[in-house]
Structures are given as structure tokens and as C-alpha cells.
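The values are calculated or read from the model by the stated rules, or taken from the named source; none is laboratory data. Just so it is clear, the model here is predicted, and its values are computed rather than measured. All Cβ positions, glycine included, derive from the backbone under ideal geometry; neighbour counts span all protein chains shown. In case anyone asks, the SASA skips ligands and DNA or RNA and just uses the protein heavy atoms, side chains included. Shrake-Rupley method; radii C 1.70, N 1.55, O 1.52, S 1.80 Å.
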Amino acid sequence: MSTASTEKTLAYTADFHDEAPLVTGDLTFHDITEIVSVHTEKKTPLAWYGAFSLALSGLMIMIIMIAYLFWNGTGVWGLNNPVGWGYAIVNFVFWVGIGHAGTLISAILFLFRQQWRTGINRSAEAMTIFAVICALVFPGIHVGRIWAAYWMLPIPNQMDMWPQFKSPLLWDVFAVSTYFTVSLVFWYVGMIPDIATLRDRATSKIRRRVMGVLSMGWTGANRHWRNYEKAYLLLAALATPLVLSVHSVVSFDFAVSIVPGWHTTIFPPYFVAGAIFSGFAMVVTLAIVARHVYAVKNIVTIDHLEKMNIIILLTGSIVGFAYITEFFIAWYSGVQYEQYAFTNRMFGPYAWAYWTMMSCNLFFPQFFWIKKLRRSIPFMFVISILVNVGMWFERFVIVVSSLHRDYLPSSWDYYTPTIVDILTFVGTFGLFFTLYLLFLRFLPQVAMSEVKGVMPQADPHFYDHAGDGHVAEHSVEVSPENEQPN
Amino acid sequence: MSQTVKRSNPLMWLIDPLQPTASQADPVYRFKWSQMAWMLPLAIGIAGLVISAVGWATDSRQFFFSYLIGWSFCLSLALGGYFFVIIQHLTKARWSVVIRRIPEALIWSFPLLAILGIPIVLGMHDLYHWTHLELIDPTSEFYDPVIAGKASYLNTPFFFARMAFYFLVWTWISFKLYTLSLRQDVDPDPSIPKQQRKISAIGLPLGAVTTAFGGMDLLMTLDPHWFSTIFGVYFFAGSFMSIMAVIALVAMILQRNGMLRGVITTEHYQDLGKFLFGFMVFWAYIAFSQYMLIWYANLPEETIFYRHRLEHGWEVFSAILLIFHFIIPFFILVGRWAKRILPVLAFMCVWMLVVHWFDIFWIVAPVLHGDHAMMSLYDVSAWLGVFGVFIGAFMYRLSRHALVPQRDPRLHKSLSFTNT
């Protein structure tokens, strides 16, 4: 019985293929190196200059708007009383949220042994870092008295002006800067073997020097790899709680207050889910463009995109469920202010923003239940952008709709952003894409060494076709190409 | 249903919907243990229930609260198993195949739990303040406008309707997950993995909504004035943490008795330990979020929950919860050694299950004894009662089938799994 059933099981298992290869197109290790490295080595294409000048123009707009703000004060923004928090906070939370996918992919998915992460982790981490930079612009500029911005930092000064440690805004400074530091270190450590590859391929002296310094003397020795992998695991373990803590602290900015619509206990996990949701949408948007322009379709395959779309579906549904829970508890609480805040969101002057948020975050991602749609590039491109529109509006709804009608009806007002508000926000996209384009131009956008590690060739028995522990004759023939380092 | 797997008769269906398939199990995966395996817990359970029955007769209010604690504890374990199995299918997990039969057998507890829930139905009036009709009668002197405002949700018929819906969902999804896996044992139909994933995809959102609202309905409405949007997540966090402890403990008990040796290895235990640690920290994160936000805003309608648990002796219980549910286990379970030295892991699994029970006790008991902290004998006896019957039925189910999903296509990957 047992032998028969074992045989049956084996036959059944042998037929079982439901996992697509992570790298398609029958590539060798050297092909991976070529595909990725060539974009940092070739002559800069004209199209890159075009995109870069566009991004730089955006950055210029941001700088001009900030200069204008500094010169005139925050009166140039659309803030009023009671809406004292407007675009600046909305944009801050929006960008921090986007900056969540990278570290989730590189740390949490690493701990969960999700090997598909290797195709997208490098560019997602870069996106994270640049998004956090965009976010950090806003707390810095929104303080009004810009010359006092350094008071946010706990540095002793002769005036004994210490930061308010009871304020979640200060916790934000710590949470976001810790997250930024760890993400940066994680990104850089992960990149060292690949920078060494670029150094070894370098043809000019300067390039070899620069890449040599950046790769910190990496030789690919056994001991280097051992230390590297240990460091990577430790950093992943350190970064994992940070993924949760940053957006939890951001949610505290609202939730510790007693403003109806802000103060609710679900905020921390719900903000984290929303951040992952928007971050993955941004990764999908960027990956669709990058895999097309940079011809990495064999590394960032349709299966990678599908998996990210499933995460978008999952986190979008979590966020949607949180909306419904909030709404239900607002009714259940019996607190008339809470009840009013939520009815006002749905039917009040900002109903248009509320329903934009609901449709983009809860409704549209549900299309990803259909396999055909979550594997369709044009469709997911549209959804990924809609998700980020929806997530921006979520923050807008939370910030503005809760503030504009507070406890004192005599001071109710309607908030409208000014052109300065809008252009500053547009300008941050300039900052983001400036940095992102520089990354695409100068650094390996795919983690080459990690991708190679999940290819079938990385299996020590790959060339052992006969299963006798010896490499088969034909596969030892090393073509000159394969002799190249890495 | 395939010819090789037969349905049980209707009464037996409550315990195990399928007739035994153990004879078709690979000898390595067979249950080789005496009937004591399930009779002992069942006997302890019945003894516990008998002792508790005395409580019902003498101090029915105390009994109902004690029973709710024990019953909710078992429900949370079953729900933890429900999510565990679903997540393994959806992520096409390889590592967990050898241990998956344990939670699969556990989740067929929902019909039994529904029957074991009868005392709660009978004790509704004692347990749930909102069932008192004078509270919503405007002419009564006990009229409470806040509770009256919630009457369209907090009323007995709707409560029962919701419970029926939750249990129908849980039973239906569990039936599919359990029987598909058993069918695969004897009939390797290649479409089964896909069917398992499909039912899991349906079960995940349904389970999330029903668990969150189920947790709120059963435990949060004990204090009908109080509300917290995170409460469902809190209930889930404790449940999902505990299932890791249950799986690891059951696996160790089976191995001690000569089963599955070399099938479940230290590597699998380490992974279970990681999840145990991870979701213990997740629980702490959720508990902290709830506490900190309520403490900081300091609104009387919200702080009342913690006020009850921070005075009249309950502050000691709250401190115990914090120290034993988070601080000490954090420092023990963070290390690799604690997950790989099995006696240590076993000790920590028992520990985490006890504190999980204590967590539910800490939610429920202060509602009854607001003016002086106390733990009743019936808290323990009702817990042992429900838990014993729950475990007895589970072990019985386990003994009737292969201990491992023996024809799961990812089984060989799970058998050779190592942490790198």
C-alpha cells in the first residue's frame, strides 16, 4: 500500500507546476549582469535628458515655491481657522506612506522568504528613500518660523528650549529619521556586491575609483558573503518593526487628539496598511515604466506585477474594512460629534473627496480579484495611479474634513488650497523623479546578485544532470563570456 | 465527494464530517497512540464541566462569565487555525505542509463550539447588560439613552442572527478546507490545490469581517458603553499568536509518543517559534495602540474600560498581563535558541496559551467584579471544561486520519525544509 501510494504521490508531485520561474527568457548569470549594468555604462540616452529636464523643472518649481513661502510666510497657503493643517500635512503623510513599500519588500518579504522580491527590491528601496526625502520637506517648511526648525531636534541650546516630548509631532521626527537612516543603510548594504560588479566592469579610471570606494573593497570572498548575509538578515529584522512603527507614529499625530474623525484606536494598523497599499501602487507604476524602458521584462515579469497587485488588493481591502469599521463605531459609540464627523464626510462639503477616496481605495482594487485584469499591464497601470490618487485623498479627507467643522460652528470654514499649495505638491514630484532618474542612470536598478541567487543555476546541483555528483561534460564548457567576473 | 471518502452520520458529523481514512495513510503518518490521547482530555473536560455545573446552580452569574472566558478562548484558537490554514494556501507555503493537518483538524471545532455555546445563550441576560429591556424603555427609570441609541444593533434577535451567520461562515469554510485536504490524502486529484486556494481566497475576507465583529460582539459589548475600533484586530492578534503555540505543542506531544519522528523537525519548530514571537509582539503593538490613544485623549467614555482595569486590585492583573504577555516572553523568545531547544519552546508555548487565556479573562472578568479583583474557581474549571472537550474532540479527529497531508504536492519541500 505504502509503496504504491508513494509512487502515486511522486507521480502527482512531478506533474505539479504552479510556480512560474522568477526569471524568464532562459538567461545566464552573465546576461543578468549585462542587462542591468549596461544602463549605467552606456552613453546617456537623449530620452533620459528629456525626462531629467522635466523632473528638474518640477524641482525648480518646488524650490521657487518654498522660497516664496519663506519670504512671505505661511499666509500664502490656503490655511484658515479652523483648518490649520492643510496640504503640507497631507503631502507629508502621502509621501511617507509611499515610502513604505520598499522596506516591506526588502525586510518583511525577505523574512517571509518571498524570493520574487529580488526582482523589484532595489528600485522599491530607492523609491522609499526618495519618497521619504520628499516627505521630510514638509515638516521642515511648514513651521512658519523657518529659522526655528532646528528646535525639533533634541540638541541642547543656551535658551533651554527643549522639544515637547509629549507631542507626537516630535515622535514623528524620531520615527521618520530612524526609518530613513535604516532604509538608507539597508539599501546601500544590499547594493555593495552590485557596485563591485560595476567597478570590475568599469572602463574608465574615475569610474573604477568611485565604484571602488563605494563597494568598500568587496572581493566576493567567502567571508565577505558570510558577513554580508548576516548583516542583511540583522538589518531586515531591525527594519521590520520600523515598517510598522513609522506610520503608526504618523497616525498618532491625528489619533491622540480629540478631533472627531481623528481620534480612533484603529488608526495605527490602518495607516500602516494604507501606507503599504499606496507604496505598492507606486512600485507598480514605476516598475511598469522601467521594465519597458530598460528592457528588464525577464527580471520584472508579469508574475511579479501580479503578486504586487494581489498585495494591493489585500491591503486595499484592509483599508476599506477599516473605513467601514470606523464608520460603524462612530455610529455605535453614541457620540454625536463622531457621528456628525462621519456623516459630514459622506454628505458634507467635502463629499466629493470622500467618494473619490472610497472608489479609488475600496472599489477599484476589487477588480484585481479577476486574474486576467491583475495580469493586464494597461489595466494595472490605471489602477495603480488611481490607488495613489485615492490615498492622497484619504489623507485630505482625514485632515481637512475633520478640521473644517469642529466643535465651534461659528468658526466653520471651507478650505481651498492656493496655487502655492498645489505647485509645491507638484514640485515634490519633480524632486522625486530627479532623484529617481539619477538612480536609474548611475546605480544598478536591479539587485543583480540577489536575482542570481534565486535562479535555478544557483542550485549547487544544477549542472549535475546525471545526479551522480559530477558536473555533466557539456556544461563545463565555459564560453569566454561566462568567464567574466560575476 | 469522491468515493474513497465517506461522510459520517449526522451526529458524528459534528465531531468529524468524514469517516476514518487512517487505513489509507502512509504508515509513517499514521496515528499510533492509545485511545487515551483523546479520552484523557475529554475526561478532564467533562470533569471541568461538572464542577462548573455546580457553579451554574449556586452562582450562575459567576458561572456564565467564567464560561464565556473559557469558550471564547477555544473560539479564538479555532479562529487562529482558520487564518493559519488559509494563509498557508494563499501563499503556497512550503515549510508548513507537515504541520498543516494539526490546524486543519482543529478548525472543525466550530460545530462543536456552537453547541458548547448554549450556556452563553442561556446566560445572555447575566452577561450582556444591553439585553435588559428597561434600559431602552424611555418611560423606565433605568432608561439609558446611549444604550437605547444602539438598540438597533444591540438586541438579542440580531445578536443571535449575527452569531448564526458567523458560525455558518466559519463552518462552511472550515468544512471545505478540512475535507478537501482529507480527500487529497486518498485521491490525488490535481485540481485540489487550486480548490483549496479558491476557498481560502473567499474565506479570508469573510473570516476577517466575522472575526472582527465576532470579537466585538462577544467581548466588547460586555460593556455596552465602551467602544474601540481596534478591538477586532486585538482579538485576532491574540488568536493568531495562540495557534502557533497550539500547533507546536501538539506536534511535540505527537513526537514524544513516537509519531512523525523526522517528519517535523527543529526547522519547522523554529518557524513556528518565529511566528509565535512575531504575533506576540504584534499583540503588544495593538494593545499599546489601543491603550496609548485612549490614555492620551482621556475621554471619559473611552477611559472607562481601562479605569475598571486599573483600580480595585485589577491594576495588579493589568501589570501581570503587560509583564507576562509581552515583556518577559519578548526577551526569551527573541533568541534563536528558544525556538530550537524544544523544552524551552514547549514551556513558552504553554506560557503563551495561559497568558492568552489571562488576556480574555482580563477583558471579561472586571465587568463582573468591577469593585474588587478576583479570580474564581469556576474561571479555571469552565476553562478546563470547554478546553478539554475541545481538545478531546480534536485529538479524536486527528486519530482518524493521516497526521500529515500526505499527498500535498509541496510535502516533499516541507520535509526537506531548512532555515538558512
* Structure fact -> Apart from one, (1) closer than 21 Å to A:GLY97 by Cα; (2) in contact with a His (Cβ under 7 Å, 6 or more places away or on another chain); (3) open to solvent by 20 Å² or more (accessible area, probe 1.4 Å) all hold for A:VAL243; the odd one out is (3)
* To do: Just one of (1) surrounded by fewer than 23 Cβ atoms within 10 Å (Cβ to Cβ); (2) over 30 Å from B:ALA382 (Cα atoms); (3) in contact (Cβ under 8 Å) with a residue 60 or more places away in the chain; (4) within 14 Å of chain A (Cβ to nearest Cβ) trips up B:PHE83, so point out which.
  => (2)
* For A:SER123, work out the one condition from (1) in a helix (DSSP H, G or I); (2) open to solvent by 30 Å² or more (accessible area, probe 1.4 Å) it doesn't fulfil. => (2)
* Asked: Do we find that B:GLY273 is open to solvent by 10 Å² or more (accessible area, probe 1.4 Å) and either more than 9 Å from every other protein chain (Cβ to nearest Cβ) or small (Gly, Ala, Ser) (or both) in this structure?
  -> no
* Asked: Only one of (1) touching an Asp or Glu at 6+ places or on another chain (Cβ under 9 Å); (2) modelled with pLDDT under 90; (3) more than 12 Å from chain B (Cβ to nearest Cβ); (4) open to solvent by less than 60 Å² (accessible area, probe 1.4 Å) fails for A:THR203. Which number is that?
  -> (4)
* Looking at region B:286-308, which of the residues that are hydroxyl-bearing (Ser, Thr, Tyr) and in contact (Cβ under 8 Å) with a residue 12 or more places away in the chain is nearest to the other protein chains (Cβ to nearest Cβ)? -> B:SER289
* When the residues of region A:291-312 are filtered to those that are aliphatic (A, V, I, L, M) and buried (at least 20 other Cβ atoms within 10 Å of the Cβ), which remaining residue is nearest to the other protein chains (Cβ to nearest Cβ)? -> A:ILE311
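Here's the yes/no breakdown for (1) in a helix (DSSP H, G or I); (2) open to solvent by less than 10 Å² (accessible area, probe 1.4 Å); (3) small (Gly, Ala, Ser):
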site: A:THR343; (1), (2), (3): yes, no, no
site: A:MET380; (1), (2), (3): yes, yes, no
site: A:ILE383; (1), (2), (3): yes, yes, no
site: A:VAL387; (1), (2), (3): yes, yes, no
site: A:GLU394; (1), (2), (3): yes, yes, no
site: A:SER410; (1), (2), (3): yes, no, yes
site: A:VAL426; (1), (2), (3): yes, no, no
site: A:PHE432; (1), (2), (3): yes, yes, no
* Please verify whether region A:320-338 includes one or more residues that are among the β-branched types (Val, Ile, Thr), more than 8 Å from chain B (Cβ to nearest Cβ) and surrounded by 21 or more Cβ atoms within 10 Å (Cβ to Cβ). => no
* Read through the list (1) charged (D, E, K, R); (2) at pLDDT below 90; (3) open to solvent by 30 Å² or more (accessible area, probe 1.4 Å), then give the number of the only condition that B:ASP408 fails. => (3)
* **A:MET211 in a loop (DSSP other than H, G, I, E, B) and more than 25 Å from A:VAL426 (Cα to Cα)** => no
* Structure fact -> Those residues of region B:229-265 which are within 14 Å of another protein chain (Cβ to nearest Cβ) and not in a loop (DSSP other than H, G, I, E, B) amount to B:PHE231, B:GLY232, B:VAL233, B:TYR234, B:PHE235, B:PHE236, B:ALA237, B:PHE240
* Structure fact -> Restricting region B:86-143 to residues that are among the charged types (D, E, K, R) and within 14 Å of chain A (Cβ to nearest Cβ), the one most open to solvent (accessible area, probe 1.4 Å) turns out to be B:ARG94
* In this structure, does A:LYS307 turn out to be of a type in the set (Lys, Arg) and without any contact (Cβ under 8 Å) to a residue 12 or more places away in the chain? -> no
* Asked: Which one of the conditions (1) within 26 Å of B:ARG407 (Cα to Cα); (2) part of a helix (DSSP H, G or I); (3) among the aliphatic types (A, V, I, L, M); (4) away from every other protein chain (no Cβ under 14 Å) does B:LEU75 fail to meet, given that it meets all the rest?
  -> (1)
* **Members of region A:34-52 found to be polar (S, T, N, Q) and surrounded by 13 or more Cβ atoms within 10 Å (Cβ to Cβ), listed by number** => A:SER37, A:THR40
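Let's see how each residue does on (1) touching a residue at least 60 places away in the same chain (Cβ under 8 Å); (2) surrounded by fewer than 17 Cβ atoms within 10 Å (Cβ to Cβ); (3) of a type in the set (Lys, Arg); (4) on the phi > 0 side of the Ramachandran plot:
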position	(1), (2), (3), (4)
A:PRO139	no, no, no, no
A:ILE146	yes, yes, no, no
A:MET161	no, yes, no, no
A:GLN164	no, yes, no, no
A:VAL176	yes, no, no, no
A:THR181	no, yes, no, no
A:PHE186	yes, no, no, no
A:VAL189	no, yes, no, no
* Structure fact -> If we ask which residues in region A:241-276 are within 11 Å of another protein chain (Cβ to nearest Cβ), farther than 24 Å from B:TRP226 by Cα and either among the β-branched types (Val, Ile, Thr) or not in a helix (DSSP H, G or I) (or both), their number turns out to be 2
* Considering B:ALA114, B:ALA93, which residue is without any contact (Cβ under 8 Å) to a residue 60 or more places away in the chain and either within 26 Å of B:GLY385 (Cβ to Cβ) or in contact with a Lys or Arg (Cβ under 9 Å, 6 or more places away or on another chain) (or both)? -> B:ALA114
* Are any residues in region B:137-193 touching a strand residue (DSSP E or B) at 6+ places or on another chain (Cβ under 8 Å) and within 26 Å of B:HIS125 (Cα to Cα), and if so, which ones? -> none
* Residue match in region B:187-204 (condition: closer than 29 Å to B:ARG61 by Cβ and free of Cβ contacts under 8 Å to residues at least 12 places away in the same chain) -> no
* Asked: When you look at A:ILE89, is it part of a helix (DSSP H, G or I), more than 30 Å from A:LEU244 (Cβ to Cβ) and at pLDDT 90 or above, yes or no?
  -> no
* Say whether the condition of being within 11 Å of another protein chain (Cβ to nearest Cβ) and open to solvent by 30 Å² or more (accessible area, probe 1.4 Å) is met by at least one residue in region B:214-227. => yes
* **Residues located in region B:16-29, provided they are at pLDDT below 85 and either of a type in the set (Val, Ile, Thr) or assigned to a loop (DSSP other than H, G, I, E, B) (or both)** => B:GLN19, B:PRO20, B:THR21, B:ALA25, B:ASP26, B:VAL28
* Asked: Just wondering, is there one or more residues in region A:22-39 that are at pLDDT below 60, part of a helix (DSSP H, G or I) and closer than 25 Å to B:LYS413 by Cβ?
  -> no
* Of all residues in region B:158-209 being among the hydrophobic types (A, V, I, L, M, F, W, C) and either within 11 Å of chain A (Cβ to nearest Cβ) or assigned to a loop (DSSP other than H, G, I, E, B) (or both), the one that is nearest to B:TRP130 (Cα to Cα) -> B:VAL209
* **Single condition A:PHE112 does not satisfy, out of (1) modelled with pLDDT under 90; (2) buried (at least 21 other Cβ atoms within 10 Å of the Cβ); (3) among the aromatic types (Phe, Trp, Tyr)** => (2)
